[in-house]
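A quick write-up on the structure given underneath.
The values are calculated or read from the model by the stated rules, or taken from the named source; none is laboratory data. Here the structure is a predicted model, which is why all the values come from computation and not from measurement. No Cβ is skipped: glycine too gets one built from the backbone with ideal geometry, and neighbour counts run over all protein chains shown. Areas reflect the complete protein model, heavy atoms only, side chains present, ligands, DNA and RNA absent. Shrake-Rupley method; radii C 1.70, N 1.55, O 1.52, S 1.80 Å.
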Amino acid sequence: MYGFARILLLTLLLSAAALATESAVIESVQAKQDISLNLDPASAFWRASSRISMDKDAHGKLVPAYRTEARTRWTANNLYFLFVCPYEQLNLKPSPNTQQETNNLWNWDVAEVFLGSDFQNIQRYKEFEISPQGEWIDLDIDLHRPHHEEGWTWNSGFEALARIDPAKHVWYGAMRIPWKAIDSRPPAAGNALRINLFRSQGPASDHHEVTWQAPMSTTFHTPERFGLIRLVNVQH
């Protein structure tokens, strides 16, 4: 009986955790046509988007000083994200290169999107990062192998743009990700993908991790804790 009780309790806990993550949903609002990336939250394109708050550390503790706003929209060709990131002190890579992919970019300040369209094998998903200086990296993640060794050579064709506003102590980052890089289905209202959003902030002496869905782990690569992003049409 004792063994059965332990198994039952573990099953209930896992079910509760799954329900908690599945109930976390981001709605991405359709845009009728693609645009050039812009970093203005007040623009017509971004005003029509829904807003998501990233305000927890990796273990679920609130970090209100670094509450990050994320927005998203979609078109027939691309999925867009905008990050509005307050900061105290930035941790920037010297001699930034925005023309080529920057491996190991996660060692510096970044905003990240994890996206998975495979609901059967959740260990496979894609990762997109942008720095305050506009550096970028995209990765094809397979947790069954060392994902940072080979995955970074994958090329999604995504675009990134960023700027720092030192007067306001805010940096802005935008992404445009081609659908063909993340989902085999044509985009349509009602489609859903698995997602999480992360941010690395500050130097090692004052480092902070900011998340949408806390991984409750020492690694962000915890797909069991991802939520969902659902496409909604422009009339929603």
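Summarise the accessible area of region 78-136 (1.4 Å probe, protein heavy atoms) by the percent that is carbon and sulfur. Write out the running numbers ahead of the final one.
Details: 940 of 2340 Å².
Roughly 40 percent, rounded to a whole number.
Expressed in nm to one decimal, what extension gain is obtained for the pair SER50 and SER217 from 0.36 nm per residue of sequence separation less their Cα-Cα distance? Don't skip to the answer; put the middle values down first.
Numbers: separation 167, 0.36 × 167 = 60.12 nm, distance 2.78 nm.
Fully extending the segment from SER50 to SER217 adds 57.3 nm.
Could you give the length gained by full extension between GLN99 and HIS144, i.e. 0.36 nm per residue of separation minus their alpha carbon distance, to one decimal place? It would help to have the intermediate numbers written out before the result.
Details: separation 45, 0.36 × 45 = 16.20 nm, distance 3.05 nm.
Fully extending the segment from GLN99 to HIS144 adds 13.2 nm.
Rolling a 1.4 angstrom probe over the protein heavy atoms, how many square angstrom per residue are accessible across region 78-158? Mind showing how you got there, number by number?
Details: 3480 Å² over 81 residues.
Accessible area per residue, region 78-158: 43 Å².
Only loop residues by DSSP count here, and only those with at most 16 other Cβ atoms within 10 Å; note down the trypsin sites (Lys or Arg not before Pro) in region 20-71 that meet that. Before the final figure, lay out each step's value.
Working: sites: LYS32, ARG47, ARG51, LYS56, LYS61, ARG67, ARG71; in loops: LYS32, LYS61, ARG67.
Here the sparse-neighbourhood loop sites are LYS32, LYS61, ARG67.
Diagonalise the Cα gyration tensor of the chain and give the resulting equivalent ellipsoid semi-axes, square root of 5 times each eigenvalue, largest first, whole Å. Working shown, then result.
On the way: eigenvalues 155, 98, 67 Å².
Working from the Cα gyration tensor, I get semi-axes of 28, 22, 18 Å.
Assigning unit charges at the beta carbon (Lys, Arg +1; Asp, Glu -1) and nothing else, what dipole magnitude in debye, to the nearest 20, does the chain show about its Cα centre?
Values: 22 positive and 26 negative charges, 146 e Å.
Result for the chain is approximately 700 debye, rounded to the nearest 20.
What is the spin-label model distance, in nm, from ALA204 to ASN155 if the labels are put 7 Å beyond Cα along the C-beta direction?
For the pair ALA204/ASN155, the computed spacing is 3.4 nm.
Place a point 7 Å from the Cα of ARG124 along the Cα-to-Cβ direction; which residues of region 151-186 have their backbone N under 20 Å from it?
Output list for this probe position: 151-158, 178-186.
Given charges of +1 on the Cβ of Lys and Arg and -1 on the Cβ of Asp and Glu, with all other atoms neutral, how large is the dipole of region 162-236 about its Cα centre, in debye to the nearest 20?
Numbers: 9 positive and 5 negative charges, 67 e Å.
Taking the Cα centre of region 162-236 as origin, the dipole is about 320 debye.
Select from region 178-236 those trypsin sites (Lys or Arg not before Pro) which occupy a DSSP coil region and have at most 16 other Cβ atoms within 10 Å, ordered by residue number.
Details: sites: LYS180, ARG194, ARG199, ARG225, ARG230; in loops: none.
Passing sites in region 178-236 do not exist.
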